[in-house]
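Student: After the structure tokens below, expect a handful of questions from me.
Derivation of every value follows stated rules applied to the coordinates shown; laboratory data play no part. Being a predicted model, the structure only gives us computed values, none of them experimental. All Cβ positions, even for glycine, are placed from backbone atoms using ideal geometry, and neighbour counts span all protein chains on display.
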């Protein structure tokens, strides 16, 4: 988001998951943070993170179980300077409604940060079919999991060898680089359904009709990758910035910095 501090700002974490981003907002100085998630276990995890690492005497951090598709729930939360949703809205089963709903709590002049899986065309449709089969059939889970692991190993070894890197270091440092170990990451990807995607111009065009201006973006491999496209919008009319691809090092550093905040505590 290219913001050095959240001092005096309010922060809404939509689909808070573990609560790491909410904790980061607190430590960046936000004076009000609200986290919610549809999953009760994620809510419990966020509450535990707050219990262990936050300083309640300095800030207001509320945590709730809620549904981003429930417009009435979001309207009751009020307005926020920053509305943040990382890797959530494409798993709701109604992504475009979710994208619309998260625009409502943003204050005029406020910031909306969303990430959405990149639309790769035929490849995205294949992945959707894989995920449907994976979730419906035990036999497919038994088949797809080792197959996908093998593909990761072969592809990673190839990249390491042509780059004169030690192939084993990729897996020794996997958790530090990704924020989770290899096996949970694989299961998270294969089992991540519902699964929806969008092209960058679809997202920017959609929010333009809602009165938002694109402030910053990172596009997965120039629009060819299967990862998340990241968008930062400001509510109001202003000069748009062009879509751009982020260097891989920058993407990994951003993820590591959030994890490091907890590990240093």
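Student: In degrees from 0 to 90, rounded to the nearest 10, what is the angle of the helix 248-263 Cα long axis to the longest principal axis of the chain?
Tutor: Value to nearest ten degrees: 70.
Student: Moving to a separate point now. Would you please report the Å³ per residue occupied by the convex hull of the alpha carbon atoms in the range 42-93?
Tutor: With only Cα atoms used, the range 42-93 gives 110 Å³ per residue.
Student: Next question. For the chain, what is the calculated [θ] at 222 nm in deg cm²/dmol (nearest 500), taking -39500 (n - 2.57) for each run of four or more DSSP H residues and dividing by its residue count?
Tutor: -14000 deg cm²/dmol
Student: Over all directions, what mean area does the Cα convex hull of the range 122-190 project, stated in square nanometres?
Tutor: Spelled out: convex hull of the Cα atoms, projected over all directions, averaged, 5.2 nm².
Student: Tell me the relative contact order for the chain as a rounded percent, counting alpha carbon contacts under 8 Å between residues six or more apart.
Tutor: It comes to 18 percent, rounded to a whole number.
Student: Of 105, 200, 167, which has the largest mean-square fluctuation in a 10 Å C-alpha GNM of the chain?
Tutor: Highest fluctuation among the options: 167.
Student: A follow-up question, please. What ranking do 119, 67 get, fewest neighbouring Cβ atoms within 10 angstrom at the top?
Tutor: In order of increasing Cβ crowding within 10 Å: 67, 119.
Student: Next up: Helix 40-53 against the longest principal axis of the chain: what's the angle in degrees, Cα atoms only, rounded to the nearest 10?
Tutor: 70 degrees
Student: One-quarter of the Cα convex hull surface for the chain, in nm²?
Tutor: If I average the Cα hull's projected area over directions, I get 14.8 nm².
Student: Now, a different point. With an 8 Å Cα cut-off and a minimum separation of 6 or more residues, compute the relative contact order for the range 122-190 in percent.
Tutor: 29 percent
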